[in-house]
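Comments concern the structure below.
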Amino acid sequence: MDAVSPGAEAGPEQLAVWRDKALEFLASSPDSKRPDVALKDLDSVTVSDAHSAQTTFLEAKVAVTLAQGKRPRMAQKPLYRLSQMRLAAEEGAQFGDFQDLLKQAKDRGHPMDGLFFFESFATLDHKQVWGDVTQAIKDVRTVIGEVFLNSGTLLGSVREGGFIAHDDDVDLAVILTADNERDAAKEWIAVYQKLQSKRLIKKPPQRNYGVFKLKSSSGVNIDVFPCWIEDGQVNIYPHTKGELRDADVLPLKICEATHCPIPANPEKMLEVNYGPGWREPDPGFSFPWREANRRFKLFRTILDSDESAWVVQNGANS
């Protein structure tokens, strides 16, 4: 590897050299000599905030992870981050070209088990996906109760009148009847079991029981999150913990652009979720999951303590 002192800034040119060394290996047989680029060396340098530096670094991180024979799953986060930055900057073609190189490496026999390749709304049939969203809302409302567009889907609906091009899933929130965090967790388990019994769940939740994925004809993930109101304060896992009042959510209204239910004051919810700058696209946005799970510690602890509740019963997802 070309020498760069630990902590020194590596520019796009140097990062591209490391990326290309890794990609050269991935373009060859898995039995070829691995490149002299190590993840620990790549992570020891600093990278400027410039878009070109950040995207090249992420490409290098993904390629080096795979070329060094690390678990492919380790490349998932930087690949996802890369997709978000490229698509938000209208560079979907560049991301597609890079991802195609990885797919070709997989075809050559390089291990890619556990690595998920991304498709965004920039390349999907929006009419079909909105049909899935409408059906999911109808199903959830019938089985559970009121449901509304949430997080990224709400952001796209309010800010852009549709899906955000670089997004890749749908977010909904279900209003529970519980009025405290402990009861909300217990009710959320019951919600899963009801949806599962109706064969609406795509697959059992893994690692995070606070979100369920519903089936869709388009294959897009439709993520469902819980919402409950305690003493007039709104809680929506994982982004809102009492910052909104019940009047900010209820009564739900219909979005003029998407014709789907949204909160009474969607702008206020989006500010809580994404900050005061939510009206401007931010390709570098990253949700603070660790902090969010600390805030909802009781909720997550109760969910995590009952693993048997998440087992698929009676072949519901077959």
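Coordinate-derived values only; no laboratory data. Remember, it's a predicted structure, so these values are computed and weren't measured experimentally. With ideal geometry, Cβ positions are generated from the backbone for all residues, glycine too; neighbour counts draw on all protein chains shown.
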With a ≥ b ≥ c from the Cα gyration tensor eigenvalues, square-rooted, and the rule rounded for a/c under 1.5, otherwise prolate when a/b > b/c and oblate otherwise, the chain is prolate
Partner lysines whose C-alpha sits under 22 Å from that of residue 268, ignoring same-chain residues fewer than 8 away, are 241, 253
Contact order relative to length for the range 125-310, counting C-alpha pairs under 8 Å separated by 6 or more residues, stands in percent at 23 percent
Quick calc, the chain, dipole around Cα centre from Cβ unit charges on Lys, Arg (+) and Asp, Glu (-), nearest 20 debye, gives 1080 debye
Quick calc, the range 125-310, dipole around Cα centre from Cβ unit charges on Lys, Arg (+) and Asp, Glu (-), nearest 20 debye, gives 560 debye
Pairs over 28 Å Cα to Cα, from 40/202; 70/194; 127/215, come to 40/202; 70/194
Rounded to the nearest 5, the percent of DSSP beta bridges in the chain running antiparallel is 70 percent
Scoring the chain by relative contact order with C-alpha pairs under 8 Å, at least six apart, yields a percentage of 14 percent
The value for the range 125-310 (convex hull of the alpha-carbon atoms, volume per residue, Å³) is 110 Å³
For the range 12-107, the convex hull over Cα atoms projects on average to an area in nm² of 5.7 nm²
If unit charges are put on Cβ atoms (+1 for Lys and Arg, -1 for Asp and Glu) and the dipole of the chain is taken about its Cα centre, the option from 53, 98, 118 lying farthest towards the positive end turns out to be 118
Among 171, 246, 43, the residue with the largest mean-square fluctuation in a Gaussian network model of the chain built from Cα contacts under 10 Å is 43
By the mean-Cβ-within-10 Å protection proxy, highest first, 26-38, 70-82 rank as 70-82, 26-38
